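What follows is a single structure, written as structure tokens, with notes after it.
The values are calculated or read from the model by the stated rules, or taken from the named source; none is laboratory data. Owing to the predicted nature of the structure, the values given are computational and were not obtained by experimental measurement. Ideal geometry is used to build each Cβ from the backbone, glycine not excepted, and the neighbour counts take in all protein chains shown. Quick note on the areas: whole protein, heavy atoms, side chains included, nothing else; ligands and nucleic acids left out. Shrake-Rupley method; radii C 1.70, N 1.55, O 1.52, S 1.80 Å.
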Amino acid sequence: MREHPLPGTRPDRDRYDVVVVGARAAGAAVAMLLAGAGLSVLAVDRGRYGSDTPSTHALMRGGVAQLTRWGLLDRLVDLGTPAVHRTVFHYAHGEIIVPITPGAGVEALYAPRRTVLDPVLVDAAVAAGAEVRHGVAVTGLLVDDHGRVGGVRARTRAGTVPIAARLVIGADGVRSTVAAAVRAQDLHRGAHGSAVVYGYWAGVEAAGYEWAYRGGVGAGFIPTNGGEVCVFAGGPPERIRRGGPAVLADVLARASPGMAARLGAGARRGVVRTQPGRPGHLRRAHGPGWALVGDAGSWKDPLTAHGLTDALRDAELLARAVAVGFGDDRAEDSALAGYQEVRDRLALPLLAVSDEIAGCGWADDEVPALLLRLSRVMSAGVEVVTGLPDDRLVASGVPT
């Protein structure tokens, strides 16, 4: 390693405690927490610092509570992330307005652009002592004779180098290189995946988070940075097809004619993008020398707009488990098994209801009951997150 260091890393470092593959929301958060706990951490990402990535943006109560506890929410607000004080549900037979009731340190909800949130988390990880390198693609893992992962192979413009580590954390998305390399078992696989077309508009009046469900399709307005609103519309892949502005407008008009009329008064900023349908999954979360977090471990349909909140939650649960068991094989395996147990207990009910919503086979009068189930399932995650200690990371294990 001293002969082949990764460009930009400490030349005296021949091994890290943890290498995190992926430095977006989940990866940067777990790197921040583990570095703050005193571990040597390197996080690498194939993308550029501050680059965009597909996201629903909407943070729910648990995610906002974590960012508040980590001391990062004020920074997001300073960067122009608007406060959301209510959620409006548009149904075929009327609408329901749900105010955001202050509680657990949460006064409002927020939906930062990923060009804002991810750099804030990366900067916090660096401030905590982690090394973060962008433009680095992990091509494979280092595995010893006993099958234990012991690092990664990283490719840069200068070539491919090995990076040794006690633990490798895959936070590299739904098509995770780490998950594929360790052949992480699918513990759950959904039956449905809605396709989504989305873009950003200025000059669109949004009453807060607005969700609309009607006629087997869903749509939403999500206020975000720069005075813009993320507008999305989703449904069966055969309805969305290749997407585009006309498809977005048509599906939005089906879900909520009133929202479609308001969109017409705004001005689109940039291109409209399409995400193809993908069934939800839950993968095994750990093994000898490796762990998964974020979309690499658990993915749910974007129509539920809960992936980002779950990514932050699981990042902290994983970091606490690693801090407890680090350096001792038996203790580490036990702690990581505890992380997986809590993650699965929270994720499986959410995946089940998300799959029903993504199937788009519900009748209009069935949607309110589906979303009520979703809300109740989400509450369990909020209870876990708000029950964690107020300090950034205490080596006290994952909750039970």
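A few notes on this one:
- Residues that are of a type in the set (Lys, Arg) and within 23 Å of the chain's Cα centre (by Cα) number at least 1 in the following helices (runs of 4 or more DSSP H) confined to region 220-330: 307-325.
- Any hit, region 201-215, residues being under 19 Å from the mean Cα position of the chain (by Cα) and closer than 28 Å to residue 270 by Cβ: yes
- Elements of type strands (runs of 3 or more DSSP E) in region 92-155, at least 1 residues being touching a residue at least 24 places away in the same chain (Cβ under 8 Å) and of a type in the set (Gly, Ala, Ser): 137-143
- Within region 206-219, considering residues that are assigned to a loop (DSSP other than H, G, I, E, B) and in contact with a Phe, Trp or Tyr (Cβ under 9 Å, 6 or more places away or on another chain), the one surrounded by the fewest Cβ atoms within 10 Å (Cβ to Cβ): 207
- If you filter region 48-74 down to residues that are part of a helix (DSSP H, G or I) and in contact with a helix residue (DSSP H, G or I) (Cβ under 8 Å, 6 or more places away or on another chain), you find that the one that is most open to solvent (accessible area, probe 1.4 Å) is 61.
- Condition met for residue 397 (modelled with pLDDT under 95 and not acidic (Asp, Glu)): yes
- Filtered residues of region 224-242 (kept if open to solvent by 20 Å² or more (accessible area, probe 1.4 Å) and within 19 Å of residue 274 (Cα to Cα)): 228, 236, 237, 238, 239, 241, 242
- Selection count where residues are under 26 Å from the mean Cα position of the chain (by Cα), modelled with pLDDT of 95 or more and either open to solvent by 50 Å² or more (accessible area, probe 1.4 Å) or of a type in the set (Phe, Trp, Tyr) (or both), scope region 132-157: 4
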